[in-house]
Every structure is written in structure tokens, then in C-alpha cells.
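First comes the structure, then the notes that go with it.
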Amino acid sequence: MARASAVALGMVLLSACSQKNDSPPPLAPAPLPALGTSAPDSGGEQQAREALFEVEQVPVWGDELPSRALAIKVDAAFISIAGTKVDRLASNWPEQVLRAMGKHAPVMLSFDAERYFADVAELFALLAATDREVWLRHPDAEVAFKVVLFDNGRFERWLNEAKPGKIRVIQRADGFELQTNIGKMPGADPNGPTVPSRGGKIDIARLRRALALLKERFPNAPDSCLVPSYGTELPSIARALSGYYRGKGKRIFDLLCLVYPPAGRAPAPPVPH
């Protein structure tokens with residue numbers, strides 16, 4: 001009798017284990033859409049090869065220029081703020097910039113063609129420290145882009161939030177790599193950037209298509225970050241921000257963050273009196 005009971009108990013346990021093992025595994029997240037190639041389907045091999053080096057011409061979209069914002073122009077020697085020129089080599093340039101900006105006015109930044117991202121890291125750090133509303137002006141059109149400035153620490157905290165998407169665009173010399181919290185969005189070349197540069201020009205048309213596809217994949221994602229390499233020219237960054245729009249004044253994401261490089265000597269905001 002005892003042996004029969006033991007056999008019966010074994011059968012019950014075996015059945016329970018079998019049922020447990022037969023339960024479906026947790027669902028894996030749906031794969032990311034692939035951007036693929038924009039080469040034409042017909043027209044010959046030569047024409048298809050040429051298309052790989054051409055950038056589709058698209059309208060420049062963004063927001064209207066903010067009428068309340070102070071215009072700030074940065075070149076090699078000076079930061080010009082509403083008629084006031086601040087020498088960038090002056091030891092107290094942060095204090096001069098803060099006085100010229102006032103306390104609460106938003107600012108709209110523009111740059112000469114040879115300003116690199118790392119070259120103005122300290123200015124971005126100053127603006128972030130004072131929690132300033134910041135716009136970047138497009139270098140070729142009458143539009144601008146409101147951005148929230150993230151240093152590396154804030155960017156890491158954003159990445160670690162338990163929210164879907166975490167879509168970021170890494171801007172490099174060879175193009176745009178689009179990353180999410182479930183991996184990289186594949187392009188035509190799985191080993192290259194999602195949206196490669198073509199003929200030395202950034203491809204805004206395909207960047208828009210890629211971001212629109214990711215917004216469809218993550219419909220509840222409210223924000224996205226642009227992460228340029230430190231050697232990227234500022235005008236190129238402003239042009240890239242136009243890729244975040246599906247029409248005039250129509251953002252694909254509500255909030256755009258710009259991750260700026262570490263500042264050599266990040267200026268502290270003034271102590272209130």
C-alpha cells in the first residue's frame with residue numbers, strides 16, 4: 001500500500017511539473033521595424049548605385065522662431081547677446097553672459113559654420129545650470145527647435161527610467177544610429193548606422209521616416225534624445241533636429257533632449273542675494 005501511494009504521489013508531481021513546463025514563456029517584445037534602403041526598385045543597377053549617394057530634398061520643418069527669446073550668436077571669439085559682445089576668452093565670461101541674458105528670458109542660439117559641439121560645452125552647461133529655456137535656430141531657414149539640455153548624468157538617469165522606447169539618435173560623421181531600450185533600429189547595412197550620410201550630407205528624409213516608424217512602435221514614448229558626437233558642427237545638429245518633425249510645427253515627440261559634452265570647467269550659476 002505504501003509503495004502504491006508513493007507511486008501515485010510521484011505521478012501527481014510529474015504531472016504538475018509537466019503542466020508547469022508546458023506553460024507558455026513570457027512574450028518577447030515585438031522586433032523593431034527595419035528602415036531598409038531607399039534605392040529605387042527599377043531604373044537599372046547604375047541608377048540604384050547613384051541613389052545611395054543622393055539625399056532626398058525635403059522641406060525644413062520646425063517651430064516658429066520664438067518671439068520672446070534673446071538671440072545669442074556664438075563664433076570663435078565672441079558670444080553676442082542682443083547687441084552685447086562677450087569675449088569668450090575673458091575669465092569672467094559666464095558672469096557677463098548671465099548679466100546680458102537677464103534672469104528669465106528664453107534664449108535662441110545660433111552658431112557660425114565652424115563651431116563644434118565640444119567647443120561650446122561650457123555655454124551649454126551654464127544654460128543648463130540656470131534652467132534656461134533653450135532654442136536652437138536652423139542655419140538655413142526661419143525655424144527653431146526647443147530642446148531640454150541633458151548632461152551625461154541626466155541622460156543616464158533618463159535611460160534607466162522604466163518606460164518604453166528611450167529612443168535616442170546618435171549623430172556621427174557617418175550618419176545617424178537610432179537606439180531604443182530593446183536595441184538598435186536596423187538599416188540597410190546591419191553593421192552601419194541606421195541612416196547613413198550620403199555624399200557627405202545628412203539624410204533628413206530617412207531620419208524622419210525612421211523616427212516616425214519608431215513612434216508607431218512605441219506610441220506612448222513622449223520624448224527622444226539627440227546625442228551628437230563631440231566633434232559635430234553645431235549647424236549640423238540644428239539641421240538634424242528638423243528630422244524630428246512630421247510637418248510644420250508638428251513634432252514626432254513632445255519633448256526633445258540634447259545631450260551636451262562634459263564641460264572642462266562647468267560654470268556654476270550665480271548665488272542669489
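The values are calculated or read from the model by the stated rules, or taken from the named source; none is laboratory data. Computed from a predicted model, the values in this text were never measured in an experiment. Here Cβ is always computed from backbone atoms with ideal geometry, including for glycine, and neighbour counts include all displayed protein chains.
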Among the strands (runs of 3 or more DSSP E) contained in the stretch 53-119, which hold 1 or more residues that are surrounded by 17 or more Cβ atoms within 10 Å (Cβ to Cβ), touching a residue at least 60 places away in the same chain (Cβ under 8 Å) and β-branched (Val, Ile, Thr)? 70-74
Give the stretch 136-159 a look and list any residue that's within 16 Å of Val227 (Cα to Cα) and hydrophobic (A, V, I, L, M, F, W, C), or say none. Leu136, Phe145, Val147, Val148, Leu149, Phe150, Phe155, Trp158, Leu159
When the stretch 253-262 is examined, which residues are found to be surrounded by 21 or more Cβ atoms within 10 Å (Cβ to Cβ) and part of a loop (DSSP other than H, G, I, E, B)? Tyr260, Pro261
Which listed residue, of Arg157, Arg198, is at pLDDT 95 or above and not small (Gly, Ala, Ser): Arg157
Which condition does Lys146 not pass, out of (1) of a type in the set (D, E, K, R); (2) modelled with pLDDT of 95 or more; (3) part of a loop (DSSP other than H, G, I, E, B), if it passes all the others? (3)
Working only within the stretch 225-252, note down all residues that are over 18 Å from Ala263 (Cβ atoms) and assigned to a helix (DSSP H, G or I). Pro235, Ser236, Ala238, Arg239, Ala240, Leu241, Ser242, Gly243, Tyr244
Restricting attention to the stretch 184-208, the residues that are within 15 Å of the chain's Cα centre (by Cα) and assigned to a strand (DSSP E or B) number exactly 2
With the requirement that a residue be surrounded by 15 or more Cβ atoms within 10 Å (Cβ to Cβ) and within 12 Å of Ala240 (Cα to Cα), what does the stretch 187-204 give you? Val195, Ser197, Ile202, Asp203, Ile204
